[in-house]
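Only one structure is covered here, and it is reproduced in the block below.
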Amino acid sequence: MKPLAPNPSFRRASRGVSLIELLVSIAIGLILMVAILSSYVGSSQATRAAEAQGRMHEDAQAALSLLSQQLRMAGYNPRQPSFGTTTPRNPVFAATDYAIRGCDGTFSNITSAANIPALTCAGAGADSFAVRYEADAANTVRSGTGLPTDCLGQTLTTQTATVSAWNAGTSSLQPTSTTFWIAENRFYVGTATAVVNPSLYCKGSGGANAQPLVENIEDMQVVYGTAPHNATSTLSVAGYITAAEMTTAGSLPSLPDDPTRWSRVATARICILVRSEQPAAPDAASAQYIRCDGTVDTSPPDLRLRRAYTTTVVLRNRLTP
């Protein structure tokens with residue numbers, strides 16, 4: 001009996017994969033894996049950048065909204081309908097008081113000065129400013145007992161004064177004791193320790209220590225629009241000057257002192273520099289940004305995103321020239 005001859009088709013079907021075919025398959029798989037990983041990394045980077053920019057926009061909106069609201073309140077001291085013509089308002093401002101006062105840099109004693117006139121300008125770092133106005137339960141966040149508060153929600157001290165108010169019983173103006181509240185809020189950029197993100201801080205007159213309000217604020221620059229020095233009734237802005245120029249007699253030559261010069265402030269232009277909480281730029285070139293003064297920082301210290309945000313605020317209660 002003859003042995004069966006091998007079937008050629010069976011021999012081909014049972015043959016294994018050659019080494020070259022295996023290497024080619026591995027190479028193709030690696031190429032596909034690298035492409036997939038590159039796509040994932042790029043998508044993840046874009047997502048992180050978008051999220052960082054979104055949070056920066058939110059921080060900037062919160063900071064500028066807060067600063068704008070406070071600046072609009074500067075000098076608020078409404079006429080009281082029941083007061084006489086000799087004392088139509090609560091005695092909030094003395095001759096040496098400021099409705100607003102700024103510094104090109106951070107006031108050196110911004111957390112310890114007893115009042116705005118006692119502030120000393122250091123002239124270094126981010127700008128700072130202080131505002132003063134009559135507070136009530138409508139223009140501040142009310143405390144648990146319904147009283148006005150400062151920028152940190154601390155209850156303000158009740159003050160009393162004697163004014164000429166209408167007495168319905170005698171149908172005449174009579175000396176009357178009245179109560180009112182004064183808010184004095186100071187804003188600056190600082191950090192509590194080296195590891196804490198730079199933040200927008202406020203020191204209120206309610207007695208509490210300064211507290212951060214918005215994190216990741218690296219810089220704040222403010223210039224002030226002033227009415228012409230010889231204006232009598234116009235609300236026009238002659239130009240924008242810095243806080244240092246505001247205290248220079250040559251900038252407003254006919255005005256005798258700093259409180260009078262600062263009373264001419266009609267608008268304030270604020271620029272804040274906001275950074276991302278975490279590094280989000282793919283490289284140093286992508287991390288470049290424009291500062292508040294218009295110059296470009298070509299060598300940022302890290303890969304965080306940064307952006308300058310600007311707004312202009314009209315001081316609604318500016319003293320009449």
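The values are calculated or read from the model by the stated rules, or taken from the named source; none is laboratory data. None of these values were measured; they are calculated from a predicted model. Virtual Cβ from ideal backbone geometry, glycine too; neighbours counted across all protein chains shown.
Looking only at region 89-103, filter to residues that are among the aliphatic types (A, V, I, L, M) and in a loop (DSSP other than H, G, I, E, B); which one of those is farthest from residue 117 (Cα to Cα)?
The qualifying residue farthest from residue 117 (Cα to Cα) is 92.
Collect the residues in region 123-139 that are of a type in the set (S, T, N, Q) and either at pLDDT 95 or above or buried (at least 22 other Cβ atoms within 10 Å of the Cβ) (or both), keeping them in residue-number order. Let's see the steps before the verdict.
Taking region 123-139 first, the residues of a type in the set (S, T, N, Q) are 128, 139.
Answer for region 123-139, where residues must be of a type in the set (S, T, N, Q) and either at pLDDT 95 or above or buried (at least 22 other Cβ atoms within 10 Å of the Cβ) (or both): just 128.
Before we move on, is residue 158 closer than 20 Å to residue 106 by Cβ, among the hydroxyl-bearing types (Ser, Thr, Tyr) and either out of contact with any Gly (no Cβ under 9 Å at 6 or more places or on another chain) or surrounded by 19 or more Cβ atoms within 10 Å (Cβ to Cβ) (or both)? Give the steps one after another, and end with the answer.
Numbers: closer than 20 Å to residue 106 by Cβ: no; among the hydroxyl-bearing types (Ser, Thr, Tyr): yes; either out of contact with any Gly (no Cβ under 9 Å at 6 or more places or on another chain) or surrounded by 19 or more Cβ atoms within 10 Å (Cβ to Cβ) (or both): yes.
When the stated conditions are applied, residue 158 does not pass them.
Go through (1) at pLDDT below 95; (2) of a type in the set (A, V, I, L, M); (3) more than 30 Å from residue 165 (Cβ to Cβ); (4) surrounded by 18 or more Cβ atoms within 10 Å (Cβ to Cβ) one by one and return the number of the condition residue 36 breaks.
Going through the list (1) at pLDDT below 95; (2) of a type in the set (A, V, I, L, M); (3) more than 30 Å from residue 165 (Cβ to Cβ); (4) surrounded by 18 or more Cβ atoms within 10 Å (Cβ to Cβ), residue 36 breaks only (4).
Looking at region 168-186, which of its residues are within 41 Å of the chain's Cα centre (by Cα), surrounded by fewer than 16 Cβ atoms within 10 Å (Cβ to Cβ) and not small (Gly, Ala, Ser)?
Listed by number, the list holds a single entry, 179.
Regarding region 301-311, can at least one residue be identified that is within 24 Å of residue 120 (Cβ to Cβ) and touching a residue at least 40 places away in the same chain (Cβ under 8 Å)?
Residues of region 301-311 within 24 Å of residue 120 (Cβ to Cβ): none.
So far as region 301-311 goes, no, none of its residues is within 24 Å of residue 120 (Cβ to Cβ) and touching a residue at least 40 places away in the same chain (Cβ under 8 Å).
So which of 321, 282 ends up being at pLDDT below 90, surrounded by 14 or more Cβ atoms within 10 Å (Cβ to Cβ) and more than 21 Å from residue 95 (Cα to Cα)? Please lay out each step first, then the result.
Working: 321 fails: more than 21 Å from residue 95 (Cα to Cα).
Within the list 321, 282, the selection yields 282.
Filter region 119-131 for residues that are touching a helix residue (DSSP H, G or I) at 6+ places or on another chain (Cβ under 6 Å) and not small (Gly, Ala, Ser) and give the result. So that I can check it myself, show each step before the final result.
The initial filter retains those residues of region 119-131 that are touching a helix residue (DSSP H, G or I) at 6+ places or on another chain (Cβ under 6 Å), namely 130-131.
Once the filter is applied, which keeps residues that are touching a helix residue (DSSP H, G or I) at 6+ places or on another chain (Cβ under 6 Å) and not small (Gly, Ala, Ser), region 119-131 yields only 131.
Any idea which of 97, 150 is buried (at least 21 other Cβ atoms within 10 Å of the Cβ) and more than 27 Å from residue 278 (Cα to Cα)?
Values: 97 fails: buried (at least 21 other Cβ atoms within 10 Å of the Cβ).
Just a single option satisfies the conditions, and that option is 150.
If residue 231 satisfies every condition in (1) surrounded by fewer than 18 Cβ atoms within 10 Å (Cβ to Cβ); (2) at pLDDT 90 or above but one, which is the exception?
Unmet condition: (2).
Take residues that are in contact with a strand residue (DSSP E or B) (Cβ under 6 Å, 6 or more places away or on another chain) and hydroxyl-bearing (Ser, Thr, Tyr) and tell me which of the strands (runs of 3 or more DSSP E) falling wholly in region 158-216 contain 2 or more.
159-167, 172-190, 199-203
Residue 260 - would you say it is surrounded by fewer than 18 Cβ atoms within 10 Å (Cβ to Cβ), under 30 Å from residue 78 (Cα atoms) and at pLDDT below 90? Explain how you work it out, then say what you get.
Values: surrounded by fewer than 18 Cβ atoms within 10 Å (Cβ to Cβ): yes; under 30 Å from residue 78 (Cα atoms): yes; at pLDDT below 90: yes.
Taking the combined requirement at face value, the residue satisfies it.
Is it true that residue 105 is free of Cβ contacts under 8 Å to residues at least 24 places away in the same chain and buried (at least 17 other Cβ atoms within 10 Å of the Cβ)? If you could, list the steps in order and put the result at the bottom.
Numbers: free of Cβ contacts under 8 Å to residues at least 24 places away in the same chain: yes; buried (at least 17 other Cβ atoms within 10 Å of the Cβ): yes.
So residue 105 fits the description; yes.
Do we have residue 86 as of a type in the set (Val, Ile, Thr) and part of a loop (DSSP other than H, G, I, E, B) here? Lay out the reasoning, then the answer.
Details: of a type in the set (Val, Ile, Thr): yes; part of a loop (DSSP other than H, G, I, E, B): yes.
Here the answer is yes, as residue 86 does meet what is asked.
Residues in region 143-152: is at least one modelled with pLDDT of 95 or more, over 25 Å from residue 59 (Cα atoms), within 22 Å of the chain's Cα centre (by Cα) and of a type outside the set (Asp, Glu)?
no
Out of (1) under 25 Å from residue 270 (Cα atoms); (2) among the β-branched types (Val, Ile, Thr); (3) surrounded by 14 or more Cβ atoms within 10 Å (Cβ to Cβ), what's the single condition that is false for residue 120?
Every listed condition holds for residue 120 apart from (3).
Quickly run through region 275-321 and pick out the residues that are outside any loop (DSSP other than H, G, I, E, B), more than 22 Å from residue 130 (Cβ to Cβ) and not charged (D, E, K, R). Give the derivation first.
Here is the first cut: in region 275-321, the ones outside any loop (DSSP other than H, G, I, E, B) are 275, 289-290, 296-297, 306-314.
Of the ones still in play, those that are also more than 22 Å from residue 130 (Cβ to Cβ) are 275, 289-290, 296-297, 306-308.
Scanning region 275-321 gives 289, 290, 296, 308.
Taking region 52-83, which residues are in a helix (DSSP H, G or I), of a type in the set (S, T, N, Q) and at pLDDT below 95? Quick ask: steps written out before the conclusion?
In the first step, residues of region 52-83 are kept if they are in a helix (DSSP H, G or I); the result is 52-73.
Of the ones still in play, those that are also of a type in the set (S, T, N, Q) are 53, 61, 65, 68-70.
Answer for region 52-83, where residues must be in a helix (DSSP H, G or I), of a type in the set (S, T, N, Q) and at pLDDT below 95: just 53.
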